[in-house]
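Trainee: My questions will all concern the structure given below.
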Amino acid sequence: MIRLEALTKGFAPGCPTLQGIDLEIESNAWVLISGGSGCGKTTLLHLMMGLDQPSGGKVFLHHQHLGRLSAQARARLRANIGLIFQQPHLLQRRSLWENVAFPLELAGQFGRTLRQRALESLEQLGLGARAQALPAQLSSTERQLACVARALITRPSLILADEPLERLDPQNATLVTDLLRSRHHAGGLTIVQTCSQSPTTLSDATARYTLCAGQLAPCALPEY
């Protein structure tokens, strides 16, 4: 699914954010990457999805070397990735359901089925009654939940989630985790999730890593 080889990324000469990272993520894995603010977790996810280019090393996604693909080819690969960004990004002039349905539009789907799928996705996250609301009318929690709904609507094979729970209260964090868990258990979904500290309650993780000083170190899985 994802392979990183000697991955390096620096934003200033002599000060690499990521240093020679090697990592292989198999299909249907659930990988947690924890680390402090500014350690490079977001940068690492951006490199995995081809939104940024490494200073050195290679990124393979679905067995394809991203560094050898055109911008259009990388965009086509991302069409089957659900992205949950740390900061919710919604189109301000579109209603909530239209924002959630947007990935389906980009895939060429229109009509009543598109709206129905968006409403079903919102209902799963308790946002059905807010479907017609504009982003400016939503709380920060509602905007974050909407981004989760949008990431899942295409039924992707890969979810890259950048601290998706950090701004949620415990009840909504559990709601999101349970939804991801149900999709993961159904099979065919790989999840790479970053967090400020590895949640001890998530027993579904197949691998855990800590990112510190540009290095990715494996952590032992807790026993349950």
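Rule-based calculations on the coordinates, nothing more; no lab input. Bear in mind the structure is a predicted one, so any value in this text is a computation, not a measurement. Backbone-built Cβ (ideal geometry, glycine too); neighbour counts: all protein chains shown.
Trainee: Please compute P(r) over all alpha-carbon pairs of the chain, binned at 10 Å starting from zero, and give each bin as a whole-number percent.
Mentor: With a bin width of 10 Å, the distribution comes to 8, 32, 36, 20, 4, 0.
Trainee: Suppose we keep just the DSSP beta bridges with both residues in the chain; what percent of those would be antiparallel, to 5? If you can, show how the numbers build up before the last one.
Mentor: Working: 19 of 37 bridges.
Looking only at bridges with both residues in the chain, the antiparallel portion is about 50 percent.
Trainee: Place the peptides 66-79, 119-132, 153-166 in order of packing, highest mean first, counting for every residue the other Cβ atoms within 10 Å and averaging per peptide. If you can, show how the numbers build up before the last one.
Mentor: Numbers: 66-79: 12.8, 119-132: 16.9, 153-166: 20.0.
Listed from highest to lowest mean packing, they are 153-166, 119-132, 66-79.
Trainee: Sticking with this one: For the stretch 90-155, what are Rg and Dmax over the alpha carbons, in angstrom?
Mentor: Radius of gyration, then largest Cα-Cα span, for the stretch 90-155: 10.5, 30 Å.
Trainee: Around T210, which amide H atoms from residues at least 5 apart in sequence, or from another chain, sit under 5 Å from its own amide H, with H modelled in the peptide plane?
Mentor: Under 5 Å from the amide H of T210 lie the amide H atoms of S34, A217, C219, each far enough along the sequence or on another chain.
Trainee: Same structure, new question: What angle, in degrees between 0 and 90 and rounded to the nearest 10, separates the Cα long axis of helix 112-124 from the longest principal axis of the Cα atoms of the chain?
Mentor: 70
Trainee: For the stretch 99-217, max minus min Cα coordinate along each principal axis, in Å, sorted largest first?
Mentor: Ordered largest first, the stretch 99-217 gives principal extents of 47, 30, 26 Å.
Trainee: So, one more: Working from the pairwise distances between different alpha carbons, so that the mean of 1/r is found and then inverted, what is the stretch 1-128's Kirkwood radius in Å?
Mentor: For the stretch 1-128, the Kirkwood estimate is 16.8 Å.
Trainee: Could you run the Karplus curve 6.51 cos²θ - 1.76 cosθ + 1.60 with θ = phi - 60° over the stretch 154-168 and give me ³J(HN,Hα) per residue in whole Hz, x for Gly and Pro?
Mentor: 7, 6, x, 8, 9, 10, 10, 10, 9, 6, x, 9, 4, 9, 9
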